[in-house]
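**Student:** First the structure, then my questions, so here it is.
The values are calculated or read from the model by the stated rules, or taken from the named source; none is laboratory data. Keep in mind that what you see is a predicted model, and the values were worked out from it rather than measured. Ideal geometry is used to build each Cβ from the backbone, glycine not excepted, and the neighbour counts take in all protein chains shown.
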Amino acid sequence: MSMKTLTDEQRSKWAIDGYLQLEQVLSPDEVAFFSEQLDQMRKKPGWEPAPSELPRGHYAWVQRSANQDPKDFMDRRDILAYDQAFIDLMDRPGVFDLVIDIMGPYVLHSMSQAIVRASTEEFPGYTHTDGGEALRRIRVTETSRPLAMKAMYLLTDVEGTDSANFTVFPGSHMRPFPEDADALPTPHSQGAAQLKGKAGDCYLFPHSLWHGPSPNHSGRARKTLLYNYCQMFVRWYDFELTPEVKEKCTPRQLRLLGDLGYDFRPGSYFYAPADQVDVIHQIAAPAIEARS
Ligand SMILES: O=C(O)CCC(=O)C(=O)O
């Protein structure tokens, strides 16, 4: 089955600006479904930041009270186990095709996340690159595949500015950028573009693009889903492949979750299994006798 590829215009925007906005990749029914899933998810235990116990960016296993306000802040990681639909979003047609066109076939899914950005006067927004301190200083060239990238699905319309807009610094994936902790760029710094969008849209961006949420003064909570992909040697960083998730996956999804079809051995994620390209493109492997 042939997979969709970037248009020339998308390819050039990706190279120059460092992000793409794909319009209406989720239907209104899917948006409503995922939105309700997020409301239910927060009543169940899961991985969330624990700023009073753990360093920034680390997550603890928590059980919140069942009567939370769905408009309150939530940052939940490792969400595949909550519903089959979260597993299937990993290789969503129309989005995953473009991820593969950008990243190449030697990829893993490295992280899943659901975020609700509450409307509040207290949160000023922030910007960063993905992958922590190390990747911040690694910028690949225009013609290179990225080391990692994200697909971010909007489940809420975002109108105007300071409405929890996904904020980017176009072109910042290609150039040194202020990295001094005292002077980090904010969603209002020069060069920041606070993107608008409709529920059902999806943003694609590489780890090296400076980005982040703007404040949210809109009066409405903004919900998103984030799926991260990385080159195989980078490895995943927020889950263990559990039997419950494993039994619900297609061969391609299993491969994206790091199941190579054999137990780990040194070298495993350097040199991919011989059927990697076929599995990612969902081309059935030829029968053994036809191969010989
Ligand atoms: O919530 C947002 O708008 C941005 C999320 C983000 O910064 C990230 O995924 O790294």
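**Student:** State all residues of the stretch 215-268 that are buried (at least 17 other Cβ atoms within 10 Å of the Cβ), touching a helix residue (DSSP H, G or I) at 6+ places or on another chain (Cβ under 8 Å) and more than 30 Å from P124 (Cβ to Cβ); if no residue qualifies, say none.
**Tutor:** Q231, F239, V245, C249, Q253, L254, R255, L256, L257, listed by residue number.
**Student:** Go through the residues of the stretch 109-131 one by one and say whether even a single one is modelled with pLDDT of 95 or more, more than 20 Å from V168 (Cα to Cα) and among the hydrophobic types (A, V, I, L, M, F, W, C).
**Tutor:** Yes.
**Student:** So which of I138, I115 ends up being under 30 Å from A60 (Cβ atoms) and in contact with an Asp or Glu (Cβ under 6 Å, 6 or more places away or on another chain)?
**Tutor:** Checking each option against the conditions leaves just I115.
**Student:** Kindly indicate which of R235, R175, R222 is touching a Lys or Arg at 6+ places or on another chain (Cβ under 6 Å) and of a type outside the set (S, T, Y).
**Tutor:** Going through R235, R175, R222 in turn, just one is touching a Lys or Arg at 6+ places or on another chain (Cβ under 6 Å) and of a type outside the set (S, T, Y): R222.
**Student:** Let me ask something else. Name, by its number, the condition in (1) in contact (Cβ under 8 Å) with a residue 40 or more places away in the chain; (2) in a loop (DSSP other than H, G, I, E, B) that does not hold for F34.
**Tutor:** That leaves (2) as the condition not met.
**Student:** Just to verify a result, which residue in the stretch 10-31, among those that are farther than 27 Å from T141 by Cα and touching a residue at least 60 places away in the same chain (Cβ under 8 Å), is surrounded by the most Cβ atoms within 10 Å (Cβ to Cβ)?
**Tutor:** Selected residue: L26.
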